[in-house]
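*Asks:* Input: one structure, supplied below.
Read-outs throughout are calculated quantities, based only on the coordinates presented, and are distinct from any laboratory measurement. Computed from a prediction, not measured in an experiment: that's the story for all the values here. Cβ atoms come from the backbone with ideal geometry, glycine included; neighbour counts cover every protein chain shown.
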Ligand code: SF4
Ligand code: SF4
């Protein structure tokens, strides 16, 4: 579909996303100081007919949506083909105060981190809605898979805990980052992030994907070094074999949920220790970053 009066759709959407995060009062941790939840975002694009999306479905499970499936489920009258769709993906980096706070923690999340997990994710949900509304206001049908009433948690035969759509997999396909030993996405702004995406009937070229391997930015896989996320995990959910999702989830809920309620006074949870005080926290790590962390 031709851009309806929008000459540069990639720039238009990037500006929409960045303005929402950088200028809107919605971007808040909802603490007394009304601090921002997220720093300047990264934005990437991938095509609906990118073979990666079919590959995800084959590997994760039949329940996993391709972009075309969730789009056509949302707009059953349109019946689009994969090459008519673009996936708009973004990375929201934690502000420095949040990562600094969480670096000091060894078992439970800092208050800012827990706030970002709950109120920051509310900002992310509003951003998804804002991107959809902006696109639809200009005549482009769009859906945020995570906001779809059909989105559900599932169990993958191969990977265990899973869901019908993964924001991190959309970000990987959109050139924004690769997976680390702990399963987190390592991006140009590091791994202390959250991600979001929207599928739209709009033509935008895919962003360059500067990697061929899904572990390309993790030094454990590329150079056999680092593994700093292993010792950061308070419950041993990360080993050289990878991330044990069930062990991780049991720590997050109920353990951290009880802590957040009793110490910070709101209903929340979170952890992110493996996302902070590690060489990939705020950047794509190098060997020198690992050496620096070894001297801490
Ligand atoms: S801390 Fe090291 S091993 Fe863990 S994800 Fe980051 S780069 Fe990979
Ligand atoms: S989020 Fe926390 S519990 Fe889960 S793997 Fe990371 S450090 Fe471990």
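*Asks:* If I build a Gaussian network model for the chain, linking alpha-carbon pairs within less than 10 angstrom, which residue out of 177, 77, 270 has the largest mean-square fluctuation?
*Replies:* Residue with maximal mean-square fluctuation among 177, 77, 270: 77.
*Asks:* Can you tell me how the stretch 147-286 classifies by the Cα gyration tensor, rounded, prolate or oblate, using a/c under 1.5 as the rounded cut?
*Replies:* Judged from the Cα gyration tensor, the stretch 147-286 comes out oblate (a/c at least 1.5, b/c at or above a/b).
*Asks:* Measure out, as a whole number of angstrom, how far apart the alpha-carbon centroids of the stretch 155-177 and the stretch 71-107 sit.
*Replies:* About 11 Å separates the Cα centre of the stretch 155-177 from the one of the stretch 71-107.
*Asks:* Before rounding to the nearest 500, sum -39500 (n - 2.57) across all DSSP H runs of length at least 4 in the chain and divide by the residue total; then give [θ] at 222 nm in deg cm²/dmol.
*Replies:* Details: 12 runs with 101 residues, N = 296.
Computed mean residue ellipticity for the chain: -9500 deg cm²/dmol.
*Asks:* Compare the peptides 241-254, 108-121 by average per-residue count of other Cβ atoms within 10 angstrom and give them in order, highest first.
*Replies:* Details: 241-254: 14.2, 108-121: 23.3.
So the order, starting with the most tightly packed, is 108-121, 241-254.
*Asks:* Now a separate question. Could you give the radius of gyration (one decimal) and Dmax (whole number) of the Cα atoms in the stretch 18-175, in Å?
*Replies:* In Å, with Rg to one decimal and Dmax whole: 17.2, 52.
*Asks:* Below 8 Å, C-alpha to C-alpha, sequence gap of six or more: please give me the relative contact order for the stretch 38-108 in percent.
*Replies:* 48 percent
*Asks:* For helix 51-60, report the angle its Cα long axis makes with the longest principal axis of the Cα atoms of the chain; keep it between 0 and 90° and round to the nearest 10°.
*Replies:* Roughly 50 degrees between the two axes.
*Asks:* Rank 183, 213, 40 by mean-square fluctuation in a GNM of the chain with C-alpha springs under 10 angstrom and give only the top-ranked residue.
*Replies:* 213
*Asks:* Still on this structure, please answer the following. Counting pairs of alpha carbon atoms under 8 Å apart in space and at least six apart in sequence, what relative contact order in percent does the chain give?
*Replies:* Normalised by residue count, the contact order of the chain is 22 percent.
*Asks:* Could you quote the convex hull projected area for the stretch 9-288, Cα atoms only and averaged over all directions, in nm²?
*Replies:* Taking a quarter of the hull surface, the average projection is 14.2 nm².
*Asks:* While we're here: Using Cα pairs closer than 8 Å and at least 6 residues apart in sequence, work out the relative contact order for the stretch 1-79, in percent.
*Replies:* Averaging sequence separation for qualifying contacts and normalising by length gives 16 percent for the stretch 1-79.
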